[in-house]
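Input: one structure, supplied below.
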């Protein structure tokens, strides 16, 4: 059997492991916007993906919609309640990928902007093996990606070097984190087909895969 190519897979969560933007976050955004600014927001899923990357959801709420602090607090509560009631499905092939990594003695960890409790719930609900370490939005901002702290902490805890990690993420923030820590990066290209975003991820010099099955075949060619 071929040796394990990376001792640890460090996975993003939304749109990497689970199909959450299309089926949870985007509908939640539309429903909340309708409550706060009825009739003012018309946005396709692709436009939502783009907005999430630039300028970002927080900037959009504050500077485009002009939400007040009270409205922003309402949005947070609305989103938390919506996410609590809607569990996204894992992408086909993710379970096989994770189980093969673990069967060879490797590690599976998560670095995400989702809440740790929701990440673990999604893994359990989809029958996925529980990740060993999870770094979520409960961390202070200076310890969340794109800051390299999660990877540095992970390597310290597991006794691994940068060359033993592969970060898998669908957005440039994960790529920036990996580069800052000297870690290999693979773009999860299966959540969206936005050309400029895919080009940005490819220009970073990392790997790019159109499906979890393609990533599996790259990591475990036998």
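Can you name the number of the only condition in (1) surrounded by 14 or more Cβ atoms within 10 Å (Cβ to Cβ); (2) under 24 Å from residue 3 (Cβ atoms) that residue 192 fails?
Failing condition for residue 192: (2).
Return only the number of the condition from (1) out of contact with any helix residue (DSSP H, G or I) (no Cβ under 7 Å at 6 or more places or on another chain); (2) without any contact (Cβ under 8 Å) to a residue 40 or more places away in the chain; (3) crowded, with 18+ Cβ neighbours inside 10 Å that residue 164 does not satisfy.
Condition not satisfied by residue 164: (2).
Failed condition for residue 105, given (1) in a loop (DSSP other than H, G, I, E, B); (2) more than 29 Å from residue 86 (Cβ to Cβ); (3) touching a helix residue (DSSP H, G or I) at 6+ places or on another chain (Cβ under 9 Å), with all others met?
(3)
Further question on the same structure: Which number in (1) closer than 30 Å to residue 35 by Cα; (2) touching a residue at least 40 places away in the same chain (Cβ under 8 Å); (3) within 17 Å of the chain's Cα centre (by Cα) marks the one condition that residue 92 misses?
The single condition residue 92 does not satisfy is (1).
Looking only at residues that are farther than 24 Å from residue 55 by Cβ and without any contact (Cβ under 8 Å) to a residue 24 or more places away in the chain in segment 197-217, which one is surrounded by the fewest Cβ atoms within 10 Å (Cβ to Cβ)?
205
Sticking with this one: Determine whether residue 100 is without any contact (Cβ under 8 Å) to a residue 24 or more places away in the chain, touching a helix residue (DSSP H, G or I) at 6+ places or on another chain (Cβ under 8 Å) and either surrounded by fewer than 21 Cβ atoms within 10 Å (Cβ to Cβ) or assigned by TED's automatic domain parsing to the domain that holds residue 174 (or both). Break it down stepwise before answering.
Values: without any contact (Cβ under 8 Å) to a residue 24 or more places away in the chain: no; touching a helix residue (DSSP H, G or I) at 6+ places or on another chain (Cβ under 8 Å): yes; either surrounded by fewer than 21 Cβ atoms within 10 Å (Cβ to Cβ) or assigned by TED's automatic domain parsing to the domain that holds residue 174 (or both): yes.
Criteria not met by residue 100.
Residues checked against (1) assigned by TED's automatic domain parsing to the domain that holds residue 133; (2) surrounded by fewer than 18 Cβ atoms within 10 Å (Cβ to Cβ); (3) assigned to a loop (DSSP other than H, G, I, E, B); (4) touching a helix residue (DSSP H, G or I) at 6+ places or on another chain (Cβ under 6 Å):
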position: 3; (1), (2), (3), (4): no, yes, yes, no
position: 26; (1), (2), (3), (4): no, no, no, yes
position: 29; (1), (2), (3), (4): no, no, no, no
position: 33; (1), (2), (3), (4): no, no, no, no
position: 38; (1), (2), (3), (4): no, yes, yes, no
position: 43; (1), (2), (3), (4): no, yes, yes, no
position: 46; (1), (2), (3), (4): no, yes, no, no
position: 49; (1), (2), (3), (4): no, no, no, no
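Then there is this: Check every one of the helices (runs of 4 or more DSSP H) wholly within segment 121-222 and list those with 2 or more residues that are within 17 Å of the chain's Cα centre (by Cα) and more than 23 Å from residue 83 (Cβ to Cβ).
On the way: elements: 149-158, 172-181, 195-203, 212-219.
In segment 121-222, the matching helices (runs of 4 or more DSSP H) lie at 149-158, 172-181, 195-203.
Can you go through 71, 63 and tell me which one is farther than 22 Å from residue 191 by Cα, over 19 Å from the mean Cα position of the chain (by Cα) and modelled with pLDDT of 95 or more?
Exactly one of 71, 63 is farther than 22 Å from residue 191 by Cα, over 19 Å from the mean Cα position of the chain (by Cα) and modelled with pLDDT of 95 or more, namely 71.
Just need a number here: residues in segment 30-62 that are under 29 Å from residue 108 (Cβ atoms) and touching a residue at least 12 places away in the same chain (Cβ under 8 Å).
Initially, segment 30-62 is screened for residues under 29 Å from residue 108 (Cβ atoms), giving 45, 48-49, 52-53, 56-57.
After this cut, where a residue has to be touching a residue at least 12 places away in the same chain (Cβ under 8 Å) as well, the list is 45, 48-49, 52-53, 57.
Residues that pass the stated criteria total 6.
The values are calculated or read from the model by the stated rules, or taken from the named source; none is laboratory data. Note that the coordinates shown come from a computational prediction; the quantities given were computed from them, not determined experimentally. For neighbour counting, all protein chains shown are included, and Cβ atoms are generated from backbone atoms with ideal geometry for every residue, glycine included.
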